[in-house]
Structures are given as C-alpha cells and as structure tokens.
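So the structure is just underneath, and the comments pick up after that.
The values are calculated or read from the model by the stated rules, or taken from the named source; none is laboratory data. Since the structure is predicted, the reported quantities are computational estimates derived from the model, not experimental observations. Here Cβ is always computed from backbone atoms with ideal geometry, including for glycine, and neighbour counts include all displayed protein chains. The accessibility values were calculated without ligands, DNA or RNA, using every heavy atom of the protein model including side chains. Shrake-Rupley method; radii C 1.70, N 1.55, O 1.52, S 1.80 Å.
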Amino acid sequence: MRKKWLCLLAALAMLAPSWASAGRGATFYSNGDRETPRVAITIDDWYEPGLLPDFMAVAQTYDVKLTLYPCGINLHEEDRELWQAALDAGHEIGSHGYRHVGYTTLNNRQIIREYERFQEALDTTLGYTYMFLTVRLPFGDGRKQGENGPISRAIKAAGFGHVVFWDWDNTDDVEAAVKHVQNGSIILIHANRKDLRFFEALMEGLSGHAYEYVTVSELLGIQTRLDPEPEAE
C-alpha cells in the first residue's frame, strides 16, 4: 500500500507543472456551517509530542475530538504509542507538511516532496499507512492568493483538495476567544504549554455553550482527499 502511494505521488510530480498551471486548485476552509453548533479545535506543529497526553486529557474532560497537524519532522517511531492513542481516542491527524517552511519559497515538485516525506514519516511512526484527509499550510501560506493561486494549485497537483485555515488563532486572550467562537468555528492553537493552558481555559469558558467539538473532517463533511471533479456540461 505504501509503495503504491509513493509511486502515485511520483507520477503526480511528473504532471505537476501542467496540473498546477491550469484550473482551480484546492478548496480553502476557514470555518464550517454557521447554522450548526459544531466547533473544531486544531493543534499545529508538535515539536513537543510528549504533550499529547496532556492535550488529550483536557479533550476527554470536555468531550472534544481534536485535529492534530504535526510537521513530519516531529513524527518519530518512538512516539508511536502516543499517536496511536490519539487516533484510538477518536482524534484525527492532518498534514502540516514535512518542514515548517514557507510554501511561497517552494516550487510544485518541492511541495509534492513535502507531502511524500510527511507520509513516509507518518507511516514509519504509526507502522501503517494513515490516509490523512486535510492539510494546513505553514504560516497560512496561500490564503491571500486564494483557491486559484499557485500554491493552491500545487497542493491539488500533490493530490490534496482540502486546505484548512481558521477563524481564530489568538491564544493570549481567553475572554476574547470565548466571545468569538461561534457555530462552525475552527480554532488554531499550537502544541506548547502556553497553548495547553489556553485550551483548558477556553473549554472551561465555553462550558455553558451547547457546542459539539468535532474533528475538522467531521465539521466540513470531508471524506476523501480529493473531491470528484464536476462533470463537464
């Protein structure tokens, strides 16, 4: 399975220049449905994977399903039990690329290689192939360019159709965060001790609200890496 996946990415790399130069790119998301009381909590980077149990403990207390966006360089086989425990608890893993670098500095083939290396690291860490569904770009790159921009088209050329941004990322002001959160919100925090404290305070502040805390793929109704292309009229 892993060899087939890497062969597919290699084939996509050969086609990447033409794919990324024409047509619409990946779909961008900053929030989910504003009519449904669901919220997604997402956690980036994971330079400190040892904090996974602490984040999961808070998540369990408040019945939260997390979406974890590690960089591939932070995935290691010795942490297998930690990452598997997160998946077993119903949390979700997405890709933050292999390195935390600006994608504006990369060409199409380099972007594809970022995801090849991420998948390799994730496979090694878990001991099997985990088919993540969404990606998050370091620094929010590509957001200003939009879905028809070169980064978005390169992401789609790499085989991914869902790029997840956020509608709140300030972890300095819990009160402001509580006021901001609404139906469909996607909250961005990072895997460090400061944001762990913010996460716990945020969930306590939201305890009187009737939100369901779901993974990003559940919030957005995403089931596959790439949505089928619409049929030509």
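For this structure, a couple of remarks:
- Pair list, Cβ < 6 Å and 6+ apart or interchain, from segment 117-132 residues that are closer than 19 Å to residue 223 by Cα to residues that are in a helix (DSSP H, G or I): 129/2; 129/123; 130/122
- Condition met for residue 122 (at pLDDT 95 or above, assigned to a helix (DSSP H, G or I) and more than 14 Å from the chain's Cα centre (by Cα)): no
- Considering each residue of segment 163-180 in turn, at least one proves to be assigned to a helix (DSSP H, G or I), within 23 Å of residue 35 (Cβ to Cβ) and among the small types (Gly, Ala, Ser).
- Across segment 192-208, the number of residues qualifying as in contact with a strand residue (DSSP E or B) (Cβ under 9 Å, 6 or more places away or on another chain) and either open to solvent by 10 Å² or more (accessible area, probe 1.4 Å) or free of Cβ contacts under 8 Å to residues at least 24 places away in the same chain (or both) comes to 2.
- Residues of segment 33-57 classified as part of a strand (DSSP E or B) and closer than 24 Å to residue 179 by Cα, total: 7
- Residue in segment 90-105 that is open to solvent by 60 Å² or more (accessible area, probe 1.4 Å) and polar (S, T, N, Q) present: yes
- Residue 131, sole failed condition from (1) of a type in the set (A, V, I, L, M); (2) farther than 22 Å from residue 215 by Cβ; (3) open to solvent by 10 Å² or more (accessible area, probe 1.4 Å): (2)
- Output for segment 144-190, where each listed residue is more than 25 Å from residue 55 (Cβ to Cβ) and open to solvent by 60 Å² or more (accessible area, probe 1.4 Å): 144, 145, 148, 150
- Long-range neighbours under 6 Å by Cβ, at least six apart or interchain, first residue in a loop (DSSP other than H, G, I, E, B) within segment 147-160, second open to solvent by less than 10 Å² (accessible area, probe 1.4 Å) and among the aromatic types (Phe, Trp, Tyr): 158/115
- Just so you know, in segment 209-225 the residues that are within 20 Å of the chain's Cα centre (by Cα) and open to solvent by 70 Å² or more (accessible area, probe 1.4 Å) include one that is nearest to residue 63 (Cα to Cα), and it is 212.
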